[in-house]
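What follows is one structure encoded as structure tokens, with my remarks underneath.
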Amino acid sequence: MTLKHSLSLFALLGLMVLASCTNDDTRLDPKQLTTIVRESISQRNAPPRDKDAIIEAASREALSLTSPEDPLASIQFDSVGIAAVLREIEKNGQHTVWAAWGSSDRKSIVTKNGMIAATRGLRKDLMSSEADAVLDLVRNRKEGNVPYTLRYLDGDFVIIEAKYTCTVERGYDKTVALATGPAPALQMFSSCVSANRQFVDLFLVDRSGRILEMRQWVGPVLGFAYMSQLR
Amino acid sequence: MIRRFGLILTLLAALMLPTFANERSLTTTVTNSFGVPSGLIDMPTAEMAPDGQLSINVSHFSGYTRNTATFQLTPWLSGSFRYIGIDDLTPLFDIYYDRSFDIRLRLMEETDYLPGVAIGLQDFLGTGVLSGEYIVATKQFGERLRATGGVGWGRLGSRNSFGSLGSRPGFSFEGVGTGGNFRFSEYFSGDMALFGGFSYDATDKISFSAEYSSDAYEFENQQGVFDADSPFNFAATYKANDNLIFRLFSVYGQEVGLTVNVTLNPRQPATETQGPAPLPVAVRDPARINDLGWSTNPIEQIALSSQLEKFIEQEGLTYVGADITDRTAHVRIENGIFQSEAQALGRTMRIMSRMLPPSVETFHVTVESNGLPLMTTTMSRTDLERLEYEKEDLALQAASFSDSIRFGDVPEPKADVYPNFTWSVSPTLRFSAFDPENPFRADLRIKARANYDFGQGWLLNGAVSVRVLGNLGEIDRPVNSQLPFVRTTIAAYNYRFGPTIDQLTLTKLARIAPDVYGRASIGYFELMYAGVSGEVLWKPVDSRLALGVELNYVQLREQDQRFGFASHTTPGGTIPHVNGHVSAYYELNNGYQANVHAGRYLAGDWGATFEFSREFNNGWQIGAFATFTDVSAEQFGEGSFDKGLFFRIPFSWIIGTETKRGYSNIIRPVQRDGGQRVIVPNRLYDIVSEPHRANVASSWGKFWK
């Protein structure tokens, strides 16, 4: 079989999927395919938007339309162009599940005591993590060297672990603008190293140990998440 | 002979020195002009491709084209299938086409001080026109330079030989015979010669190679096709991206050629699967765990079932039924959408956690297929809540798996699940490969398929197709088989305009006993055969081993593939009606699967088929098979015995949307009549083993996805 033949075969396979129709909803609906193609084209052609401005506007709206007791946060993943205002949708022990406010989208971010512990429905999700040692130092505003593990699914559905050693250090005092007013916080840097990657996470922590703002490495595709507590 | 083996053993012993610390795997995505992983040009190296890589290499210089598919079966073993065309090699054909297989094995990983070492057999199963064997060592210096040296036999021992191990006849068309067979007496025999070379990565995308070749192209030279004047070859390689590599090379001071190498790795999806995120597990309020008021309210029970159904169906799963009591809930589903059975289980249990009253502590989920309950998974709700964000395999340890029949009390299907009618209309492809007159022919057809699922394992499946366009009808090679014409007449079936009845079968699947499954089928099984078929399979849910037996009474169909039957008397003999096999299936670690089917084949020949494949959790499958029967190589004809490759490409891997559909096919170097089995739809092993424990466990991370 020549290359021409191989390529023709792939083209025919694609055609075979596209041209199918069926009443069986467990089989692939060709409409899904055209949607995928359309979305990827529109994403490519979309004009760049000022995400900060959008998030600020959405944050203001969310704060004005929700009860003062409802926790709200904002998140941005610059490397994949995701930005949203988040609301709490579930709690499981120390874990909090957040989803986009004003949307029924199931994409979710899971935090454990304020640090991102997992994602669901994003690209190359963070499946789980072991961050208690880092959290303990960060929330107590202490310094030290601790282990940190992030887990992902590879393309063959097998869990792969990225094991890091992190050096947690104190930075400068800062002020974080919350909806309830300015709040004093301390910078806590966590510099993590593995055999083939290194990154620095930054947490702004108040005196009670609450993480008010952070820049946290989530994974090789999602990159850094910028998350702020709004309320 | 003893001397030869003595030398090989000495060489191997010398090379298998104690392994030093800091082992490195010499890998490359580049392939040489024979399509095997190598940074050199015509010569092999000890490099391997990344595990699981599949490459298709087309290499051409004047009058000489090689197409090679190579699969890195394990990190240390690769197999290749090659199809070459050489102009004017023999007066019988304008272009001489030839098929061959290679195998390469890494004996030793590279260390700080010692090179990586590999052994390989080129064209070990074919006519032998390219046959050669080698032991080769490669060492990396710094980040960019790799040096290779080796010793070769056969073709690779034909230039400046420094010695020989016994004698080895040179290639001749007279010596080929039926071809396609092992030539054990020739491997690593005859003249030996040294070869070597360098590859240098100038940048991440561009590399250069130079080599001294030990292949003198003796036979091509004799035939006046190609004169390998100089032993030196040079190449410049450009990696356009991770999956596409171009190479310009000069060989033997005679020709300039071009190689295009397309690679993919089943472990790296072309498009990452994007589906809706799962619902989070809902954690109960401990104060409400003993609230049982709901359990005596029938309206509440009905509402619960209907909520479960709604949310499970939203996930794309089929809700078959449920039994809910005050402390236990048992849901029965069919997974027609997720490649990973673990994901189907996880999605179902998350929904159960959200919908069911807090008093329900134990969750059972039974997965069925075609109406057959197969496996029941049990997990406590407390564990589900506790382990949602913990290390993934902790939940696997907390789950238990049972045969649904052994478990008992499986929920009955609700009233409107069966009968279930599904239909589809789609294009389909029939193709013929490796015909000497035209190596690839294909017909595009439109196929309408209808399935009527009566429930209780009763299935009626039908498919009708019509030819749209193609060139399969141009095949006019006379059949020269010495056996009953059981498959060599397939060309006469393939090209029919139609409408043809591609399949029309009534099947009954049954649970005979715990761990034991049965199937009875009657109808038009495939293009060529109709009949009656019975099968019994033993497959415990947590067993890697399965055993089966199948007995068939077959009737040859008319070539128009309507309802008529053809005579079993053929010029090669009479086709017996009865055939069948006993089978053993074994799931090795890491997705490797080994199967053996032994019994009587369509032509009445007795023997066994050996299959070895690698199955990925994401639905890819790549494997090879060989069938040895009591038919002699002469009787079998070209190829000597039946063998080939099979593969499956999941559509979800290509488009990133959850679907269990895929494209699968078998590639045989040559289609003959020996060692052929009838194709019976709904064979048990794939249906039964798919949701069983080994498959669920191997992709358990998806439970939480």
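The values are calculated or read from the model by the stated rules, or taken from the named source; none is laboratory data. This one's a predicted model, so the numbers in the text were calculated from it and none came from an experiment. Don't worry about glycine lacking a Cβ; one is built from the backbone with ideal geometry, like all the others, and counts go over all protein chains shown. Accessible surface areas use protein heavy atoms only, side chains included; no ligands, DNA or RNA. Shrake-Rupley method; radii C 1.70, N 1.55, O 1.52, S 1.80 Å.
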Problem set entry | Inter-chain shielding of B:258-269 (mean C-beta neighbours from other protein chains, 10 Å cut-off) | 2
Seminar exercise, completed: With the full set of protein chains present, the residues of the range A:97-113 whose 1.4 Å probe accessible area falls by 50 Å² or more relative to the chain alone are A:Arg106
Exercise. In the range B:420-693, what is the volume of the convex hull around the alpha carbon atoms, normalised per residue and reported in Å³?
Worked result: 132 Å³
Seminar exercise, completed: Stretched fully, the stretch from B:Ile666 through B:Leu394 gains (0.36 nm per residue minus C-alpha distance, one decimal, in nm) 94.0 nm
Problem set entry | Debye equation applied to the C-alpha atoms of the range B:286-417, log10 I(q)/I(0) at 0.12, 0.14 Å⁻¹ | -0.43, -0.59
Exercise. Can you give the Rg and Dmax of the range B:630-705 based on its C-alpha atoms, in angstrom?
Worked result: 18.0, 56
Exercise. Rounded to two decimals, what is Rg over Rh for the range B:433-588 when you use alpha-carbon atoms and the Kirkwood radius?
Worked result: 1.03
Exercise. Per residue, how much space in cubic angstrom lies within the convex hull of the C-alpha atoms of chain B?
Worked result: 169 Å³
Exercise. In the range B:39-105, which chymotrypsin sites (Phe, Trp or Tyr not before Pro) are in a loop and have at most 14 other Cβ atoms within 10 Å, using DSSP for the loop call?
Worked result: B:Phe93
Exercise. So what's the back-of-envelope 222 nm ellipticity for the protein assembly as shown, counting only DSSP H runs of four-plus at -39500 (n - 2.57) apiece and dividing by all residues, rounded to 500?
Worked result: -4500 deg cm²/dmol
For this session: Estimate the FRET efficiency between B:Glu174 and B:Asn221 by the formula 1/(1 + (r/R0)^6), using the beta-carbon distance for r and 22 Å for R0, to the nearest 0.05.
Result: 0.75
Exercise. What dipole magnitude, in Debye to the nearest 20, does the range B:2-264 give about its Cα centre under +1 on Lys/Arg Cβ and -1 on Asp/Glu Cβ?
Worked result: 500 debye
Seminar exercise, completed: Computed over the range B:420-693, protein heavy atoms only, probe 1.4 angstrom, the accessible area per residue in square angstrom equals 39 Å²
Problem set entry | DSSP-loop trypsin sites (Lys or Arg not before Pro) across the range B:84-161, with at most 13 other Cβ within 10 angstrom | B:Arg144
Seminar exercise, completed: Shape descriptors of the protein assembly as shown over alpha-carbon atoms, Rg and Dmax in angstrom, are 31.2, 94
Exercise. Leaving out ligands, DNA and RNA, what percent of the accessible area of the protein assembly as shown is carbon and sulfur, probe 1.4 Å?
Worked result: 57 percent
Seminar exercise, completed: Once the in-chain neighbours fewer than 8 apart are removed, the lysines whose Cα is under 20 Å from B:Lys447 read A:Lys31, B:Lys660
For this session: Quick one: accessible surface of B:Asp686, probe radius 1.4 Å, all protein chains present, in square angstrom to the nearest 10.
Result: 110 Å²
Seminar exercise, completed: Amide H proximity to B:Tyr592 below 5 Å, modelled H, separation 5+ or other chain, gives B:Glu615
Seminar exercise, completed: Here the averaged projected area of the range B:183-226, based on the convex hull of its alpha-carbon atoms and given in nm², is 5.4 nm²
For this session: Using the charge dipole of the range A:51-229 (Lys, Arg: +1 at Cβ; Asp, Glu: -1 at Cβ; taken about the Cα centre), state which of A:Leu186, A:Val168, A:Leu150 has its Cα farthest towards the positive end.
Result: A:Val168
Exercise. So which GluC sites (Glu not before Pro) in the range B:206-314 pass both tests, a DSSP loop state and at most 16 other Cβ atoms within 10 Å of the Cβ?
Worked result: B:Glu272
Exercise. Using unit Cβ charges (K, R positive; D, E negative) and no other charged atoms, how large, in debye to the nearest 20, is the dipole of the protein assembly as shown about its Cα centre?
Worked result: 940 debye
For this session: Give the angle, between 0 and 90 degrees and rounded to the nearest 10, that separates the Cα long axis of helix B:341-355 from the longest principal axis of the Cα atoms of chain B.
Result: 20 degrees
Exercise. Lysines near B:Lys205 by alpha-carbon distance under 18 Å, same-chain residues fewer than 8 away left out - which ones?
Worked result: B:Lys239
Exercise. Taking only protein heavy atoms and a 1.4 Å probe, what accessible area per residue, in Å², does the range B:257-335 have with all protein chains in place?
Worked result: 46 Å²
Exercise. Which whole number gives the average, over all residues in B:389-401, of C-beta atoms from other chains lying within 10 Å of the residue C-beta?
Worked result: 2
For this session: Restricting to chain B, compute how many DSSP beta bridges are antiparallel as a %, nearest 5.
Result: 95 percent
For this session: Calculate the mean, over all residues of peptide B:417-427, of how many other protein chain Cβ atoms lie within 10 angstrom of the residue's Cβ.
Result: 4
For this session: Measure nothing fancy, just the Cα-based angle from helix B:2-15's long axis to the longest principal axis of chain B, in degrees from 0 to 90, nearest 10.
Result: 70 degrees
For this session: Please provide three numbers in whole Å: the alpha-carbon extents of the range A:121-201 along the principal axes, with the largest listed first.
Result: 47, 30, 19
Exercise. Do any residues of the range B:657-674 lose at least 50 Å² of accessible area when the full set of protein chains is present rather than just their chain alone, and if so which, with a 1.4 Å probe?
Worked result: B:Thr657, B:Arg661, B:Tyr663
Problem set entry | Protein-protein interface of the range B:603-632, residues with accessible area decrease of at least 10 Å², isolated chain reference, 1.4 Å probe | B:Phe616, B:Asn617, B:Asn618
For this session: With a 1.4 Å probe and every protein chain left in place, tell me how much accessible area A:Ser108 has, in Å² to the nearest 10.
Result: 10 Å²
Exercise. Which percentage, to the nearest 5, of the DSSP beta bridges contained in the protein assembly as shown is antiparallel?
Worked result: 95 percent
Exercise. Of B:Thr259, B:Ile337, B:Phe497, whose Cα points farthest to the positive end of the dipole of the protein assembly as shown (charges on the beta-carbon: +1 Lys, Arg; -1 Asp, Glu; origin at the Cα centre)?
Worked result: B:Ile337
Problem set entry | Size of the A/B contact, given as accessible area buried on both chains, probe 1.4 Å, in Å² | 5200 Å²
